[in-house]
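Each remark here refers to the structure printed beneath this line.
Just so it is clear, none of the values below were taken in a lab; they were calculated from the coordinates. Everything numeric in this text was worked out from a predicted model, so none of it was measured. Backbone-built Cβ (ideal geometry, glycine too); neighbour counts: all protein chains shown.
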């Protein structure tokens, strides 16, 4: 079985500062990796995903994530955050046939002016 | 394109009562998921349908939870009888046939069991 650990439940950061949200996973088999975002009072939406190929994945709104197989990590980064990035971010892992999905507990990003 | 629709948005019931949630996925999406999200936790997959067949229900508490997807379109999730620990947001999501894991989520139904 797979599992996902998001090490930080909350991350406060000032506007225009860089941010990294950490995600580690455990699995005995190869997996696919995802980051979803949930803005206040909205449903979850996909930010980016890693299926294969380049380990650096770019997503919407200037976010990117790097897949590191040796460290079993998939950290999310943005070089300069905006107030509008305030949201909860979820890391998720699925099996190769997309039949099982496991989500982390989420990281609340709070961008301050 | 209309998104994933869920109803009701909110529901308050007493323990031991029954409740049902409805989900209408995006048109053409073959895969449908039901998740339970308890406050402070990430979504937990309860059941996954491919058309009207069950792909995975390993985390569905089958003694009290049931789900169906008749005709491979909309779906209902039922809890009977409800317990206090069932208080959560129930999320429905769908994926297109070649979505490669991308899920589109509905707004969720917030259930409070008193």
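Here are a few things to note about the model shown:
- Shielding score for A:34-45, defined as the mean number of other chain Cβ atoms within 10 Å: 4
- Peptide B:101-110, shielding by other chains (average Cβ, 10 Å cutoff): 5
- Proportion of all alpha-carbon pairs of the stretch B:6-75 beyond 15 Å (%): 59 percent
- For the stretch A:52-113 versus the stretch B:54-74, the gap between their alpha-carbon centres in whole angstrom: 29 Å
- Here the stretch A:1-79 has an Rg and Dmax of 12.9, 39 Å, counting Cα atoms alone.
- Computed from the Cα positions only, the extents of the protein assembly as shown along the three principal axes stand at 49, 37, 35 Å, in decreasing order.
- Rg to Rh, two decimals, where the stretch B:51-114 supplies the alpha carbon set and Rh follows Kirkwood: 0.98
- Take each residue in A:89-98, count the other chain C-beta atoms within 10 Å of its C-beta, and the mean is 3.
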